[in-house]
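Undergrad: Sharing a structure here in structure tokens format.
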Amino acid sequence: MRGIPGQCVIPRVLFLARKALACEADKADALSLIEVLESSGKRACACCKKDAVCFSGNLQQCGSCKAVWYCGRGCQVKHWNDGHKIDCITVLYLSEGMLLFTWTAASAGM
């Protein structure tokens, strides 16, 4: 199941966990969460979902959010167009301390 395009929480969770490493005295929880999410993400391409062992080299990490991995450029472009760009932009806004507004049917008056 792919879910709603552009609504993946993993980039935001990884961003906030990495941020917590720099801020909190007890870093064990943040580090543990990062390790779990990164090891999970490295196991399969975020787009085609093929297992990483099917490829000769390592999966390529998204250069912007650093939260998802791809088997190649084709899958990266497809995943971007399928909605990952929203996740990346959200992480960019978080990293720059900007206020985020998430569009919902309720906010659109529907």
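The values are calculated or read from the model by the stated rules, or taken from the named source; none is laboratory data. Since this is a predicted model, take the numbers as computed values, not measurements. Heads up, the Cβs are rebuilt from the backbone with ideal geometry, glycines too, and the neighbour counts pull from every protein chain shown. Note: accessible area is taken over every heavy atom of the protein model, side chains too, but ligands, DNA and RNA are not part of it. Shrake-Rupley method; radii C 1.70, N 1.55, O 1.52, S 1.80 Å.
Undergrad: Which pairs in the list 27/85; 27/49; 42/85; 19/50 are over 27 Å apart, alpha-carbon to alpha-carbon?
TA: 27/85; 27/49; 19/50
Undergrad: Residues of the stretch 10-60: accessible area per residue at 1.4 Å, in Å²?
TA: 66
Undergrad: What length, rounded to one decimal in nm, is gained on full extension from residue 9 through to residue 35, with 0.36 nm per residue of separation minus their alpha-carbon distance?
TA: 7.8 nm
Undergrad: Using a 1.4 angstrom probe on heavy atoms only, work out the carbon and sulfur share of the accessible area of the stretch 13-96 in %.
TA: Its accessible area is 56 percent carbon and sulfur atoms.
Undergrad: Let me ask another. Peptides 44-50, 65-71: what's the order by average Cβ count within 10 Å, highest mean first?
TA: In decreasing order of mean packing, 44-50, 65-71 become 65-71, 44-50.
Undergrad: In nm, to one decimal, how far is the modelled label at residue 66 from the one at residue 95, with both set 7 Å along Cα→Cβ?
TA: So the label points at residue 66 and residue 95 sit 0.8 nm apart.
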